[in-house]
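Just so it is clear, none of the values below were taken in a lab; they were calculated from the coordinates. Quantities reported herein were computed from a predicted structural model and do not represent experimental measurements. Virtual Cβ from ideal backbone geometry, glycine too; neighbours counted across all protein chains shown.
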Amino acid sequence: MSITPLMPVYPRCDVRPVRGEGCYLIGERGERYLDFASGIAVNLLGHGHPKLVKTIADQAATLMHTSNLYGMPLGEKLAQRLVDTTFADTVFFTNSGAEAVECAIKTARRYHYANGEAHRHKIVTFDNAFHGRTLGTISATSQPKMRDGFEPLLPGFDVVPFNDLAAATAAVDEDTAAIMLEPVQGEGGVTPATQEFLAGLRKLCDEKGLLLILDEVQCGYARTGTFFAHEQYGLTPDIMAVAKGIGAGFPLGACLATEEAAKGMVFGTHGSTYGGNPLAMAVGLTVLEEVLGEGFLDHVKAMGARLRSALEQLIPNHDGMFADVRGMGLMLGVKMTDSYDARNFVAHLRDNHGLLAVSAGQNVVRILPPLVIEESHISECIEKISAGARSFADANAA
Ligand SMILES: *Cc1c(COP(=O)(O)O)cnc(C)c1O
């Protein structure tokens, strides 16, 4: 047999972490990495955060799992906190981002069904979007590498260019139920929606009776410097998918909705065995307490501004290598020029300079540090990228 015991769907690199300490990962051979990937925007409190570790240990000893057959005191508490601090009136807890998006799609379809308009089932989505890897969520993207060989997919998705309001408007017809997008595309290349685009979509939804679904799985939970990215656009969605940062490393996601948008989600329409179990809820409460604690969001904004300007200074200092810096808060991307490959550069930084970043679409190096970084981590990151850029240019010139 030549297949590996772990199904070989990931092109795994040679980094084999066995321990984490704050903003660092330590590999099998004791080597240290500055972790500016954070498990792809997940570990927002870094690794081994004492409060989070204590929460997990205490809750595991008290009560780990029951069932959604029973009342959930901790779940009620976390849902109430989310309702108090967002646009939402109600929350469904999941174990992952894709499940949160699935719940969002079901909620949108069911809304129109409850309104007696079951024919309204289609959802407008966007090029370069990423919503997860379930059959439903791969149907919502146009990327062939995720879709090929899995057809027939879930029908009813119209995929149009991102930041193109006219295209989105033209895609809406009498069968459309919702518009779904990431306010800042993550996997697609760290591309924020423009103000005109997102505000235009909100208006379009209001005019046509559509639901606006935001996928804030990657850009939400303080990553961009506000609790959720849409706050910076001065508008709210009807439904929102959340995951990644919400559990800071523990598998947790959530679908948030207004009372109106959730009106079809009555007894028996949805469920999950693990979703919202006591251990996950205890984690969620501790993470939320930290994220909404005094000064946390200000810290993200301050560190984001510093990191961004330091990255921008790399552009003139490394002639012809970096094209621009994009993103918001501590969700940043450095686009490389056509002469260089971002994926190779990320590997070079990792293997030769001990810096972990993530590549994204459109030849972008994604920088997603823990949100608790200090200035010293930024300096260290910039030194590594500078040194890495010099040695990478030399290697590519040779
Ligand atoms: C990661 C991600 C998902 C999928 O989350 P999983 O937990 O991997 O299922 C969905 N949407 C966005 C925007 C993401 O970044």
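Please report, in cubic angstrom per residue, the volume enclosed by the convex hull of the alpha-carbon atoms of segment 63-291.
120 Å³
Test of the criteria: in segment 1-107, which GluC sites (Glu not before Pro) are in a DSSP loop and have at most 12 other Cβ atoms within 10 angstrom of their Cβ?
Answer by residue number: 28, 31.
Can you tell me which of 360, 61, 177 moves the most in a GNM of the chain? Springs connect C-alpha atoms under 10 Å apart.
Most flexible of the set in this elastic network: 61.
Taking every Cα atom in segment 257-398, find the radius of gyration and the maximum pairwise distance Dmax, and write them in Å.
20.1, 65
What list of ³J(HN,Hα) couplings, whole Hz, do you get for segment 232-249 from phi and the Karplus terms 6.51, -1.76, 1.60, once you set θ to phi - 60° and write x for glycine and proline?
3J(HN,Hα) across segment 232-249, in whole Hz: 6, 9, x, 8, 10, x, 9, 9, 9, 9, 9, 6, 6, x, 4, x, 6, x.
Residue 94's amide H: which non-local residues (gap 5+, or another chain) put their own amide H closer than 5 Å, with H modeled 1.01 Å from N in plane and none for Pro or chain starts?
For residue 94, whose amide H was placed from the backbone, the distant partners under 5 Å are 253, 254, 255, 276.
FRET efficiency for residue 236 and residue 1, Cβ-Cβ distance as r, R0 = 56 Å, nearest 0.05?
0.60
Answer with one residue from 66, 194, 181: the one whose Cα lies farthest towards the positive end of the charge dipole of segment 63-291, charges on Cβ with Lys, Arg +1 and Asp, Glu -1.
Farthest towards the positive end: 66.
Taking H placed 1.01 Å from N in the peptide plane, check which residues at least 5 places from residue 160 or on another chain put their amide H under 5 Å from its amide H.
Hits under the 5 Å cutoff: 125, 126, 127.
Please give the charge dipole size of the chain, origin at the Cα centre, charges +1 on K and R Cβ atoms and -1 on D and E Cβ atoms. Round to the nearest 20 debye.
Result for the chain is approximately 720 debye, rounded to the nearest 20.
Cβ under 15 Å from residue 39's Cβ, residue 39 left aside: what net charge do those residues give with Lys, Arg +1 and Asp, Glu -1?
Charge balance in the 15 Å sphere: +4.
Which value results when the Cα radius of gyration for segment 24-136 is divided by 2.2 N^0.38 Å?
Normalised Rg, Cα atoms only: 1.45.
If you put +1 on each Lys and Arg Cβ and -1 on each Asp and Glu Cβ, how big is the dipole of segment 63-291 around its Cα centre, in Debye rounded to 20?
Around 440 debye, computed over segment 63-291.
If the chain were replaced by its equivalent ellipsoid, with semi-axes equal to the square roots of 5 times the Cα gyration tensor eigenvalues, what would those be, largest first, whole Å?
After diagonalising the Cα gyration tensor, the semi-axes are 34, 26, 20 Å.
Stretch residue 208-residue 323 to full length: gain in nm at 0.36 nm per residue minus the Cα-Cα span?
Once the chain is fully extended between residue 208 and residue 323, it gains 37.5 nm.
Any idea what angle helix 50-62 forms with the longest principal axis of the chain, computed on alpha-carbon atoms, 0 to 90 degrees, nearest 10?
Helix 50-62 and the main axis of the chain meet at about 50 degrees.
Please count, across the chain, the pairs of lysine residues with Cα atoms under 23 Å apart that sit 8 or more places apart or on different chains.
Lysine pairs meeting the criterion: 24.
Output the antiparallel fraction of DSSP beta bridges having both residues in the chain, as a percent to the nearest 5.
The answer is about 65 percent antiparallel.
Could you sort the peptides 202-213, 328-339, 284-295 by per-residue average Cβ neighbour count (10 Å cutoff), highest mean leading?
328-339, 202-213, 284-295
For segment 112-183, what does the alpha-carbon gyration tensor say about shape, rounded, prolate or oblate, given a ≥ b ≥ c as the root eigenvalues, a/c under 1.5 as rounded, and a/b over b/c as prolate?
Oblate, since a/c reaches 1.5 and b/c is not below a/b.
Could you pull out the longest piece of the chain with no exposed loop chymotrypsin sites (Phe, Trp or Tyr not before Pro) in it, calling a site exposed if DSSP puts it outside H, G, I, E, B and it has at most 10 other Cβ atoms within 10 Å?
After excluding every exposed loop site, the longest remaining stretch is 71-266.
Per-residue ellipticity at 222 nm for the chain, helices alone: DSSP H runs ≥ 4 residues times -39500 (n - 2.57), over residue total, nearest 500 deg cm²/dmol?
Calculated at 222 nm, the ellipticity per residue is -11500 deg cm²/dmol.
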